[in-house]
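Step one of this worksheet: look at the structure below.
The values are calculated or read from the model by the stated rules, or taken from the named source; none is laboratory data. What you are looking at is a predicted structure, and each value in this text was computed from that prediction instead of being measured. Here the Cβ positions follow ideal geometry from the backbone for every residue, glycine too, while neighbour counts run over all protein chains shown.
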Amino acid sequence: MLSKIVDSTTASFHDVLPDVSSITGPAIDLYEDGYNDPVYQAKARILNRAIQDIGMGRYQWYLFVVTGFGWFADSVWPLLSGLILAPVVNEFHFNGPLLSLASNIGLLVGAVFWGLGCDIWGRRWSFNVTLFMAGIFGLASGGAPNFVALASLIAMVGVGVGGNLPVDSAVFLDFVPGSHQYLLTILSIWWCLGQLLSSLIAWPLIAGYSCASASDCTKSDNMGWRYLLIILGGITLSLWAVRFFTFTLLESPRFLSGIGRDADAIEVIHKLAKFNGTTSLITLEELEAPERAISGGRPSFVERHKILSKSSKYDTGHIKALFATPKMAWSTSLLIAIWGIIGLASTLYNNFLPYLLSSRGAVFGDGSLYITY
């Protein structure tokens, strides 16, 4: 029934909606009736159609760049714990894998905290704070006097960085029309740039300003890793400044609708259209139509259909919904397995390859820092 309501209430702007089926392919419905709040699903479809009607414009291309900064940071900082491992072990004399452990604990905390948090206080705060945290604590880690301080600061960098991918990806998909959501994959370009840049900067710094061995390794002779952290922390903080001062992130209309702020969601859609030099025909009455159709206009029903209301944010319903249907369960399980395997492989490779080449280089033929980096 709701699909008919959505079609009828959006007829005014659906008539001019471009046919994108040839681009996106046939829709795959992972959901079933009753799997989740049907009113919210109907409203989300209305908002999605409005964004598709606006099309891909200046705002989305700017968003592609500033969300790319988050992917850049998410690539750089987990890699750094491996790039600096050999000289840091020489200076502080600790069990090397502990630094990687600290980084990954921070990443785990950040992913959970910011991933859930952006559904509680909104996308904008999470979007701006995560990159700022990475930059500030990254700069501070360059001055760490001992291993405990370094591991603590790197963990805090991880807390910030851990939120970049989930938050930035959600923000990007919230505003990009369905016909262009393949660009989320293209954002991986920023990931590659991050790894390339950090490795190129590490090469001369660590090769030229590091102790050759752990014996008699003083701070003054081992400044390369500190320079690297300070430079990349400065770059990350600069990217945050560009994101914060030159780009105004609109709050997600789907998030606003989910907390019952339909009028604000409509306002965001119109601001998006204006920024892109076009107009949107969607109205508040159209967005509220599914709710009125089911509730008969009763105010009490309106309150119950805030899918992100305070009463629903902290239960396990959101997690159960990921496995609510066979298709959803299969899709969720595959994604968890793929990301888990990728995370395991990338952590082992990026974190320990430089240390392995440096510490066992004599066996391989050359263990110099220059060849390692």
Residue pairs, Cβ under 6 Å, 6 or more apart or interchain, first in the range 256-275 and without any contact (Cβ under 8 Å) to a residue 60 or more places away in the chain and over 16 Å from Pro290 (Cβ atoms), second in a loop (DSSP other than H, G, I, E, B) and small (Gly, Ala, Ser). List them. His270/Ser280
The range 89-112, subset surrounded by fewer than 16 Cβ atoms within 10 Å (Cβ to Cβ) and closer than 21 Å to Asp168 by Cβ, residue modelled with the lowest pLDDT: Val112
Give Leu344, Leu334 a once-over and let me know the one that is exposed (fewer than 12 other Cβ atoms within 10 Å of the Cβ) and at pLDDT 85 or above. Leu334
Is it the case that the range 117-124 has a residue that's part of a helix (DSSP H, G or I), modelled with pLDDT under 90 and under 13 Å from Val159 (Cα atoms)? yes
Scan the range 160-182 and give yes if some residue there is in a helix (DSSP H, G or I), out of contact with any strand residue (DSSP E or B) (no Cβ under 7 Å at 6 or more places or on another chain) and free of Cβ contacts under 8 Å to residues at least 12 places away in the same chain, otherwise no. yes
Kindly evaluate Ile154 against the criterion of being within 23 Å of Pro204 (Cα to Cα), over 13 Å from the mean Cα position of the chain (by Cα) and not charged (D, E, K, R). yes
Looking at Gly194, is it assigned to a helix (DSSP H, G or I) and at pLDDT 95 or above? no
Within the range 62-112, take every residue that is within 30 Å of Val176 (Cα to Cα) and of a type in the set (Phe, Trp, Tyr) and give me the one that is farthest from the chain's Cα centre (by Cα). Tyr62
Which residue, of Ala202, Ala207, is out of contact with any Asp or Glu (no Cβ under 6 Å at 6 or more places or on another chain), at pLDDT below 90 and surrounded by 14 or more Cβ atoms within 10 Å (Cβ to Cβ)? Ala207
Can we say Arg254 is more than 26 Å from Asp119 (Cα to Cα), assigned to a helix (DSSP H, G or I) and not hydroxyl-bearing (Ser, Thr, Tyr)? no
